[in-house]
Amino acid sequence: MDEKTHFGFKDVPKEQKQGMVKEVFDSVTDQYDLMNDLMSFGIHRLWKKHAIRCAQLRKNQTILDLAAGTCDLTAQIHSTLKGNAQIYASDINASMLNKGYERLLDQGIHQNIHFVQANAECLPFAPSTFDRVFIGFGLRNVTDKAKALKSIYASLKPGGQLIVLEFSHCTQPMLAKIYDQYSFKLLPKLGQLFANDGASYQYLAESIRKHENQEALQQLFLDSGFDDCEYQNICFGVVSIHKGFRY
């Protein structure tokens, strides 16, 4: 019997999920940045800046932005370090990564930036390559998160950190009800109106609800070998930042 996993609220054969997620992101690529601003009212940029501050970056580090998408986080990391770091932008989806490449070129960002199409579950980097690995709003779309976390752990240098910024589970009951109405009523309509694709944004809302809660994700970090794991809720847990160290 085929092993099952979730694709939004649907159960699908595990080997099919990666292709289905690819179709979603192929579909939303052109309007992805616009929709991020609309969905979060632009606040996602502040969340990313805060995640970067939490990472305590230093010059001359080697940094991986995994599930980089259109490279918004890559650009912010580059700006923070003023180009004085080796930054790898990696995504499994070629159309998103190409969009990110074009975006950074348009912004004049090219110094010490490397683009790598790769699957988070089997990263093609040598062991102990990175000082920091970031995943901004991408972990929930990975089919086998435990496998990806172990691959990331192996790619980190001793003393390195993984920083995951992700939608999470709201801790305030009244706000959670409002958030549900927004996610399942308004968000797909915005996707249909601005991206002509309500179905993909329905999936993205569902994928947030199927993602591990804060405690479960912290345990997944620990089970994957990370030390000193911690998380910080933002906006009452609508978003959380998880950190794990490799010692």
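The values are calculated or read from the model by the stated rules, or taken from the named source; none is laboratory data. Computed from a predicted structure; not experimentally measured. Heads up, the Cβs are rebuilt from the backbone with ideal geometry, glycines too, and the neighbour counts pull from every protein chain shown. Note: accessible area is taken over every heavy atom of the protein model, side chains too, but ligands, DNA and RNA are not part of it. Shrake-Rupley method; radii C 1.70, N 1.55, O 1.52, S 1.80 Å.
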Review point. Does any residue of segment 33-44 turn out to be surrounded by fewer than 18 Cβ atoms within 10 Å (Cβ to Cβ), within 21 Å of residue 160 (Cα to Cα), at pLDDT below 95 and not hydroxyl-bearing (Ser, Thr, Tyr)?
Key: no
Exercise for review: Would you please name the residue that is nearest to residue 100 (Cα to Cα), looking only at residues in segment 45-54 that are open to solvent by less than 30 Å² (accessible area, probe 1.4 Å) and within 15 Å of the chain's Cα centre (by Cα)?
Suggested key: 48
Revision key, fill the gap. Every listed condition ((1) open to solvent by 10 Å² or more (accessible area, probe 1.4 Å); (2) part of a helix (DSSP H, G or I)) holds for residue 247 save (2)
Exercise for review: Only residues in segment 44-63 that are at negative phi count as the first member; pair them with residues that are hydroxyl-bearing (Ser, Thr, Tyr) and in a loop (DSSP other than H, G, I, E, B), Cβ under 7 angstrom, at least 6 apart or cross-chain, and list the lot.
Suggested key: 62/129
Check your understanding: With respect to residue 7, is the statement that it is over 15 Å from the mean Cα position of the chain (by Cα) and crowded, with 20+ Cβ neighbours inside 10 Å true?
Key -> yes
Point to revise | Condition check for residue 179: without any contact (Cβ under 8 Å) to a residue 60 or more places away in the chain, among the aromatic types (Phe, Trp, Tyr) and within 29 Å of residue 28 (Cα to Cα) | key: yes
**Study point:** Entirely in segment 130-237, the helices (runs of 4 or more DSSP H) that have 3 or more residues that are over 18 Å from residue 8 (Cα atoms) and either at pLDDT below 90 or open to solvent by 40 Å² or more (accessible area, probe 1.4 Å) (or both)
**Key:** 145-155, 173-181, 187-195, 214-223
Check your understanding: Out of (1) at pLDDT 95 or above; (2) part of a helix (DSSP H, G or I); (3) within 17 Å of the chain's Cα centre (by Cα); (4) not aliphatic (A, V, I, L, M), what's the single condition that is false for residue 29?
Key -> (1)
